[in-house]
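Participant: I have a structure I would like to understand better, so I am pasting it below and will then ask my questions one at a time.
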Amino acid sequence: MIRLTIDDQEIEVREGTMIADAAARLGIDIPVYCYHEALGPLGACRMCLVGVEKMPKLATACTTAVQDGMVVHTYGEAVDKGRKGVLEFLLINHPLDCPVCDKGGECFLQDYTFQYGPPKGRFKEPKIQKVKDGPINEFVLIDQERCVLCQRCVRFMDEYVGEPQLLLDGRGVETVVTTVDGVPATSQFSGNVIDLCPVGALLSAPYQHKGRPWNIERQESVCTMCPVGCTTLATGRDGHIVRIEGRPVPDRSWGWLCDRGRFGYDYATDPTRLTISFLHANPEAAARTTRQVGHWMSDVMRDAGPDSIAVVMGGLHTVEEAHQVHAFAKNVIGTSRLSISRDVPGYVPRVLNGTYADIADADTILLVGVDPYEAVPVVHLKLRERQKSKRPVKILAVAPRDLSRDSLDVNTLITHAGQEAQVLGWALSQGMGTHPAVKKLAATAPVGVADEDLTALSEALGSSEHLTILWDGLQNEVGSVLAALADARGEKATRILPTWGPSNWRGFERAGFSADFDALTSLLEDARAGKIQMLMTFGADLLREYPDERLVREALQKVPHVVFEGLFRPTEPSLYGAQLPQAGPGEVAGTYVNMEARLLSATPSVTPPGQARPVKSYLTAWAHALNKPFVADDDWDPYGDDTADLLPFDGIQAKVWALKPPNLGNASGMELVTGALVIENGIPSHILEPRAPKFPGRISPQDAEILGIVGQGLVRLGKDGREIRVPVTVDERMTPGRIFVPLGMASCPVNRLGLGAVEVARLEEVPTT
Amino acid sequence: MKPEYQVWAEELKKEFPNANSALMPLLHRIQTEEGWLSSEVLDEVAHLMGLSTQYVESVASFYSLFYQRPVGKKVVHVCVGLSCMLAGSDEVMHRLEQKLGISEGETTPDGAFTLLEAECLAACDLAPVAQVNLRFQGPIHPDEAEALLSEEVSKQ
Amino acid sequence: MSQASHYLLRNHDIENIDEMAVYRAHGGYEALKKALNQYEPDALVELVKKSGLRGRGGAGFPTGVKWGFLPKDGRPRYLVVNSDEAEPGTFKDRELIEKNPHQLIEGMIISSFAIGANQAYIYCRGEFLFGYETLVRAVREAYEAGFIGKNILGSQFSLDLFVYRGAGAYICGEESALLESLEGRRGNPRLKPPFPAVAGLYGMPTIVNNVETISNLPPIVTRGAEWYASMGTEKSAGLKIMSVSGAVNRPGNYEIPLATPLRSLIDDYAQGMKPGYRIKCIIPGGSSVPLLMPDQLDTPLDYESIVKAGSMLGSGGCIVLDDTVCIVKASHRLIKFYREESCGKCTPCREGTYWMADVLERMEEGLGDANDLSLLMDVADNISGKCFCPLGDASIGFLVSAIKHFRDEFEAHVTEHRCPLGAKVYDTANN
Ligand SMILES: Cc1cc2nc3c(=O)[nH]c(=O)nc-3n(C[C@H](O)[C@H](O)[C@H](O)COP(=O)(O)O)c2cc1C
Ligand code: SF4
Ligand code: FES
């Protein structure tokens, strides 16, 4: 530890700390532009000048490491003049168009100039002219004239994200930040440069000219687009959310977002949003619809008993809302048929749930099925940060497709679709076969996997001191292997991060719903068997989500009263007796639980549109109709006593059961492989339209050649008389014999077929885009 | 793109202990062949070097001798460094501009000449000095500036 | 004054010494043999320390001391020779590589042996096409003769030598920018520490030395440290090449013992001013240093004396400004050089040089106003000591001294709205 004095305050910090960070710890503000702790020192802008005793010149606080006994002054004549000088330099070629600049009022150039800068400009010469409002891509605009060349954006994309899509072009005062030949940046993380830009050079295209700092309000919120649960700031204006920014949390998050989370806020105003009620697919006044649902409820309860009403929780509801629905279902209706909408069957008990700290601390990270870049993007950045840190880490994957990327080095053991559990189980029994839990797996030898790969996997699983696993939940049996793995590894940390949706499933579980996939399945089977008279889904679109679309369809057709509450019109409105509009994130206060089992609270920025309202108002209305008291239990608190903002432990233990040998299907077709894409998770966004994959399916170059597809094409996938059409792209990373179709895309519903072998044929017609 | 570029790239990558160091030599070599570095060429170089196009573009744009616009058959650099200025390089440049009917930084419409300023060329003993396709010429008396244009020069 | 023999600019005495055969016929590569046969590497470092040789690239840092900074940790090391010479007024390295390349190569082999480097690089300025070709040829000759390659002259010492061509960027003369460029990147200077001796090329310990510095090695090995130290002063020992330009009768490179008076350099070596010209002021060490006035002609040309006189020996580029030169025009030209060559990484250098160049341009055109001079001084002060690398400070060295010595002339441009010396303002479309 190093002791030093800054402005007469003493502080002790770790060796290698920069003066700027030491000062920040003391709450002393040193102005910076180019410096960002996540990016490391650069020393380009020279804004952070400080005086250091015994140094002849002013030093830059961002590049000068602390030394024992150092005495630093962050103000004084020389420092003040130095800062003033730098600000004046930054302003000479700055267009000073603050009145029309979106950053006006929240700009570091303005703020520092106000605090430290010259009162008046002395520059009378012509300014250099550069590009204004040039595109970085569909979402990010660049005004090169406002740019102070701090390089944060370029370094972020290049060094931090590993997708070098911005560049410094030219030299000296002519230098600009740009993309090559105007080719749009495609990175999932491009929007972060808006937050990183200290001035108004990089701006949000959809937010451009939409608000001024003095007539907007920012609220602390949470992104619900995927289970990462990034912390955000939401800007509301005139009843709409018009901007989402990242919100750093000290020692936990830098505040990065993916473009999905940053720009996808317009779902709230999407034309498919439910803002009015429907009765039998016809628009109807909210009060009447609600009342009608109440009548059904009371009739069903009277005629068939409370247990013939089933409730499925899903979507973007808060924990508190789920708790209210749960309380209503339990106490007012009195049903025990409660479930969470699931799109994958896997489950991780709370005890095994890891946190992001387990990514930072792990020596081995295992990806089972999931491609973090696509499914849980900001976790991809965490993995990258981990991989770039000085401590070595192994990142392995067991998946039916190659999960390595230019920006992340992943050693993938490629399995057949549905073979992951067997491969993992067998690897486990090679190294720790004598452990009772491992024995219980009764794993059999997988076909088509090289012995040395299995040995390497087995060794990695056995030798790791801290193993962190990301799992997509696609194959239920993996849960058994992971439970055995954790058991067999004993004291050594084994932590699992479940990456599936709905993003708040763990919160629904906390509210009392069962996340057990079988519970949902038997609920649907009961419905199909005519045992359920009324099915109420909250936030869930089962037809799109549940892995077996046919079961859902048959079930819905059999249930006399199906009630849908949600943000958007359901996949097949005609199947629903009533549709009720939901109030969504940003419109209600509440808590969400992310894949770390961490509780994150959000403050609303706007009121719900149209007739949409908090779920509680429906519940209250129905309680009235039933003539029963409904105690909403408003001070219910999802937090526990001793786990801080992590969910308390719920006593559910990890289960191990014997694995069934996988059914790898017939040899003639291809294997259907799937996975979540955060960009296409069923939540509509007009802004993100350009990013939505037009050819979301993926096949290997070899298969493309066999099928006669060059670059992109359309294929038909068939199985057991059912079929879907999928526009596909040729992807080098695909293994021959596999075809990838993303999970939950309305245009190519993979749950119509289910995983396993499918027949694939090329269709001549080219899909319209 | 010419197939030999790939061969060159492999050669140069092998020549240097760190393959990245082959980038500038490759750009030089291809520029000598093509005259300038179009965006297609930079793209190709990126591909050959296993680098991103962004990276290559950023590097190329830093150096004044990598031409990212077409240049004339003869590129005339007039040194405007202080010593050459003292010896009359302004006048040399002025005469050449008059003669060619273009300004510094431009290329004649027939593609024969490009006229550029050079910072001190480290040949002040020859002031005022110029380079034609990087071959030194000097001292150049302003009255004889035009002779520079007919100078036979080897292809750089 | 004609000199009987040269030690660096040997091409002045011997024709075609750039050819291997000629170089060898005149004792070439004998120093290498001596170094490999008679010295341990550490003893060579000692020899260089004792000779008093200081870096000739500008900063004058003692070469042997720099070599001693290399960490002894078994990692590969590199020698990089800086032949990016672009400091206005300096043209000695170009002559050395074009006319006497084998001496540099011999010096590099000796130096590499001394510091334990098995790879050495010459970073050659992009504009030096001929110099580059000459070096490439000379290196090939040296490989063929067995002076470079595996097990050189049976000594077990192996060396590979690469010639690398820059592409037009003055900043790449700065050693860390040079290394960036050599690694195939934009030539932005690196953050120091770590210094190249600790983490340089490809992250390994690296010594960067100037062409002239390294060319001194063969004569020092041949004649001994005492011989070298006997020239010059105690702190500024040995020989220095001075490049003289401006209105002198014989512009060119001159190899002088350090501490030779400035007057002698101009009057004896460069044979005085051209008829009808008188000295207005002198830039003694390249465009980055403050000027000296005619009454300072007796200043001995050694590092310490010039500093005492208010300037620096720098790279030894001596530009003589005669009394017809407009000081504003000269200042403008130099600032423009720095504006063009600023890498753009840091704010004060990037913006400050742009600003000053514009103000000076206006002044030169007679459009200056009363505040411009104090503005210039203040802008210079805001650059001074606040830039990322020394280029920023270099940009104001001449200007500040020019304003100090020729304030009247600057002011006259503003009050009379024209150049009192009648200097012509050229207006090119793109200036
Ligand atoms: C802007 C700038 C330009 C420089 N240009 C050169 C150059 O062209 N040649 C050179 O040898 N040193 C140059 N230097 C000095 C080098 O950084 C370095 O100190 C030198 O090459 C070390 O060699 P020496 O110790 O032999 O002098 C320059 C420094 C700066 C700051
Ligand atoms: S002072 Fe700054 S801008 Fe100028 S060359 Fe050095 S780093 Fe680049
Ligand atoms: S923040 Fe220190 S130089 Fe930019």
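The values are calculated or read from the model by the stated rules, or taken from the named source; none is laboratory data. Just so it is clear, the structure is predicted and the values come from calculations on it, not from any experiment. When we count neighbours, we look across all protein chains shown, and the Cβ atoms used for this are built from the backbone with ideal geometry, even at glycine. Each accessible area value is taken on the protein alone, full model and side chains, heavy atoms only, with ligands, DNA and RNA left out. Shrake-Rupley method; radii C 1.70, N 1.55, O 1.52, S 1.80 Å.
Participant: Please give the solvent-accessible surface of B:His94 in Å², to the nearest 10, using a probe radius of 1.4 Å with every protein chain present.
Facilitator: The value for B:His94 is about 60 Å².
Participant: Expected output is a single nm value to one decimal: the length gained when fully extending between A:Asp303 and A:Lys660, i.e. 0.36 nm times separation in residues minus the C-alpha distance. What is it?
Facilitator: 124.3 nm
Participant: Under a crude label model (7 Å from the Cα following the beta-carbon direction), how far is A:Thr275 from C:Ala25 in nanometres?
Facilitator: In this crude spin-label approximation the distance works out to 9.6 nm.
Participant: If you bin every alpha carbon distance in the range C:235-359 into 10 Å steps from zero, what whole percent lands in each bin?
Facilitator: 13, 41, 30, 15, 1
Participant: So if I average 1/r over every pair of distinct C-alpha atoms in the protein assembly as shown and take the inverse, what Kirkwood radius in Å does that give?
Facilitator: 35.4
Participant: Local charge sum around A:Asp143 (other residues, Cβ-Cβ under 14 Å, Lys/Arg +1, Asp/Glu -1)?
Facilitator: Once positives and negatives cancel, what remains is +1.
Participant: If amide H atoms are built 1.01 Å from N in the plane of the peptide, which residues on other chains or at least 5 residues away come under 5 Å of the amide H of C:Gly200?
Facilitator: Those qualifying (amide H under 5 Å, at least 5 residues apart or on another chain) are C:Thr206.
Participant: Pairs of Cα atoms under 8 Å, at least six residues apart: use those to get the relative contact order of the range A:350-498, whole percent.
Facilitator: Reported as a whole number, the value is 30 percent.
Participant: For the range C:327-430, report the convex hull volume of the alpha-carbon atoms normalised per residue, in Å³, without decimals.
Facilitator: Looking at the range C:327-430, the number lands at 85 Å³ per residue.
Participant: Something else about it: Specify, per residue and in Å³, the volume enclosed by the convex hull of the alpha carbon atoms belonging to chain C.
Facilitator: 135
Participant: Probe 1.4 Å, all protein chains in place: accessible area of A:Ser298 in Å², nearest 10?
Facilitator: Approximately 40 Å² for this residue.
Participant: Provide the buried accessible surface between chains C and B in square angstrom, both chains summed, 1.4 Å probe, rounded to the nearest 100.
Facilitator: Buried surface at the C/B interface: approximately 4200 Å².
Participant: Calculate the tail of P(r) for the range C:158-299: the fraction of all Cα-Cα distances greater than 19 Å, expressed in %.
Facilitator: Distances greater than 19 Å cover 65 percent of the Cα pairs.
Participant: So for the pair A:Lys628, A:Phe649, with labels modelled 7 Å out along Cα→Cβ, what separation do we get in nm?
Facilitator: According to this spin-label approximation, the distance is 3.5 nm.
Participant: Same structure again: When N is the residue count of the range A:501-594, what does its C-alpha Rg come to as a fraction of 2.2 N^0.38 Å?
Facilitator: That ratio works out to 1.10.
Participant: Also: How would you order C:286-298, A:454-466 from highest to lowest mean count of nearby Cβ atoms within 10 Å?
Facilitator: The peptides rank, most packed first, as C:286-298, A:454-466.
Participant: Using the structure shown, select from C:Lys66/C:Lys345; A:Lys210/C:Lys336; A:Lys440/A:Lys492 the pairs with a Cα to Cα distance greater than 32 angstrom.
Facilitator: A:Lys210/C:Lys336
Participant: Under a GNM of chain B (C-alpha, springs under 10 Å), which listed residue has the highest mean-square fluctuation: B:Ser58, B:Ser89, B:Ser38?
Facilitator: It is B:Ser58.
Participant: Rounded to the nearest Å, what's the spacing between the alpha carbon centres of the range C:58-125 and the range A:522-582? Just the number, please.
Facilitator: Here the answer is 78 Å between Cα centres.
Participant: Mind giving me the FRET efficiency for A:Arg3 and A:Arg122? R0 is 35 Å, r the Cβ-Cβ distance, nearest 0.05 is fine.
Facilitator: Calculated transfer efficiency: 0.25.
Participant: Ignoring ligands, DNA and RNA, please state the percent of accessible area on chain A from carbon and sulfur, probe 1.4 Å.
Facilitator: Carbon plus sulfur share of accessible area: 51 percent.
Participant: Can you tell me the alpha carbon radius of gyration of the range A:620-706 divided by the globular rule-of-thumb value 2.2 N^0.38 Å?
Facilitator: Here the Cα radius of gyration is 2.03 times the empirical estimate.
Participant: Amide H to amide H, which residues 5 or more places from A:Ala397 or on other chains are under 5 Å from it, using H placed in the peptide plane?
Facilitator: Here the answer is A:Leu367, A:Asn411, A:Thr412, A:Leu413, since their amide H atoms fall under 5 Å of that of A:Ala397.
Participant: At what distance in nm do the modelled label points of A:Arg14 and A:Ser463 sit from each other, each positioned 7 Å from its Cα along Cα→Cβ?
Facilitator: 2.6
Participant: Going by amide H atoms built from the backbone, whose H comes under 5 Å of the H on C:Val244, apart from near neighbours?
Facilitator: So C:Val244 has HN proximity to C:Gly252, C:Asn253, C:Tyr254, C:Cys318.
Participant: So, with a 1.4 angstrom probe, what is the percent of accessible area on the range B:3-62 that is carbon and sulfur?
Facilitator: That share works out to 47 percent.
Participant: While we're here: If you plug each phi of the range A:363-375 into the Karplus form 6.51 cos²θ - 1.76 cosθ + 1.60 with θ = phi - 60°, what whole-Hz ³J(HN,Hα) values come out, in order, with x for Gly and Pro?
Facilitator: 9, 9, 10, 10, 9, 9, x, 7, 9, x, 4, 8, 9
Participant: Taking a probe of 1.4 Å, how large is the accessible area per residue of the range A:509-637, in Å²?
Facilitator: The answer is 35 Å² per residue.
Participant: Right, another one. Looking at the range C:3-229 only, what percent of DSSP beta bridges run antiparallel? Nearest 5 please.
Facilitator: DSSP beta bridges in the range C:3-229 are roughly 10 percent antiparallel.
Participant: Tell me, which cysteines of chain B are without a disulfide-compatible partner by the Cβ under 4.7 Å rule?
Facilitator: B:Cys120, B:Cys124
Participant: Any idea of the total accessible area buried by the C-A contact, 1.4 Å probe, rounded to 100 Å²?
Facilitator: 2900
Participant: Which of the chymotrypsin sites (Phe, Trp or Tyr not before Pro) found in the range A:54-112 are in a DSSP loop and have at most 16 neighbouring Cβ atoms, other than their own, within 10 Å?
Facilitator: A:Tyr75
Participant: Mind listing the Cα extents of the range A:350-498 along all three principal axes, in Å, largest one first?
Facilitator: Here the Cα extents, ordered largest to smallest, are 37, 32, 26 Å.
Participant: Report the Cα-based extents of the range A:128-269 along its three principal axes, largest first, to the nearest Å.
Facilitator: That gives 43, 31, 27 Å along the principal axes, largest extent first.
Participant: Could you calculate the contour length gain from C:Phe69 to C:Arg137, that is, 0.36 nm times the residue separation minus the distance between their Cα atoms, to one decimal place in nm?
Facilitator: Separation in residues times 0.36 nm, less the Cα-Cα distance, equals 21.2 nm.
Participant: While we're here: Report the convex hull volume per residue for the range B:74-151, counting only C-alpha atoms, in Å³.
Facilitator: 70
Participant: Let me ask another. Just by accessible area at a 1.4 angstrom probe, what is the order of C:Lys235, C:Lys72, C:Lys336 from largest to smallest?
Facilitator: In descending accessible area the options line up as C:Lys72, C:Lys235, C:Lys336.
Participant: What is the magnitude of the charge dipole of the protein assembly as shown about its Cα centre, with +1 placed on the Cβ of each Lys and Arg, -1 on the Cβ of each Asp and Glu, and no other charges, expressed in debye to the nearest 20?
Facilitator: Dipole magnitude for the protein assembly as shown comes out near 1480 debye.
Participant: While we're looking at this one, here's another question. Over every pair of different alpha-carbon atoms in the range B:3-62, take the mean of 1/r and invert it; report that Kirkwood radius in Å.
Facilitator: 11.2
Participant: Counting only the heavy atoms of the protein chains, how much of C:Glu416 is accessible to a 1.4 Å probe, in Å² to the nearest 10?
Facilitator: 90
Participant: Also, I was wondering about something else. Taking all protein chains together and a probe of 1.4 Å, list C:Lys274, C:Lys329, A:Lys390 from the most accessible to the least accessible.
Facilitator: Descending order: A:Lys390, C:Lys274, C:Lys329.
Participant: If R₀ is 25 angstrom, what is the calculated FRET efficiency for the pair A:Asp181 and A:Asp409, using the beta carbon separation as r and rounding to 0.05?
Facilitator: E(calc), rounded to 0.05, equals 0.30.
Participant: Here is a follow-up. Please give me the summed charge of the neighbours of A:Gly718: other residues whose Cβ is under 13 Å from its Cβ, Lys and Arg +1, Asp and Glu -1.
Facilitator: Charge balance in the 13 Å sphere: +3.
Participant: If you don't mind, there's one more thing I want to ask. I'm a student and want to see the number: the projected area of the Cα convex hull of the range A:2-75, averaged over all directions, in nm².
Facilitator: 4.4
Participant: Give me the extension gain from A:Val447 to A:Glu53: residue separation times 0.36 nm, minus the current Cα-Cα distance, reported in nm with one decimal.
Facilitator: The span from A:Val447 to A:Glu53 would gain 134.9 nm if fully extended.
Participant: If chain A were replaced by its equivalent ellipsoid, with semi-axes equal to the square roots of 5 times the Cα gyration tensor eigenvalues, what would those be, largest first, whole Å?
Facilitator: 46, 32, 27
Participant: Same structure again: With a 1.4 Å probe and all protein chains in place, put C:Met312, A:Met47 in order of accessible area, largest first.
Facilitator: Sorted descending by solvent-accessible area, the residues read C:Met312, A:Met47.
Participant: What does the convex hull of the alpha-carbon atoms of chain B project to on average, in nm²?
Facilitator: Average projection, Cα convex hull of chain B: 9.8 nm².
Participant: Related question: With the other protein chains left in place, how much accessible area per residue, in square angstrom, belongs to the range A:192-346 at a 1.4 angstrom probe?
Facilitator: 34
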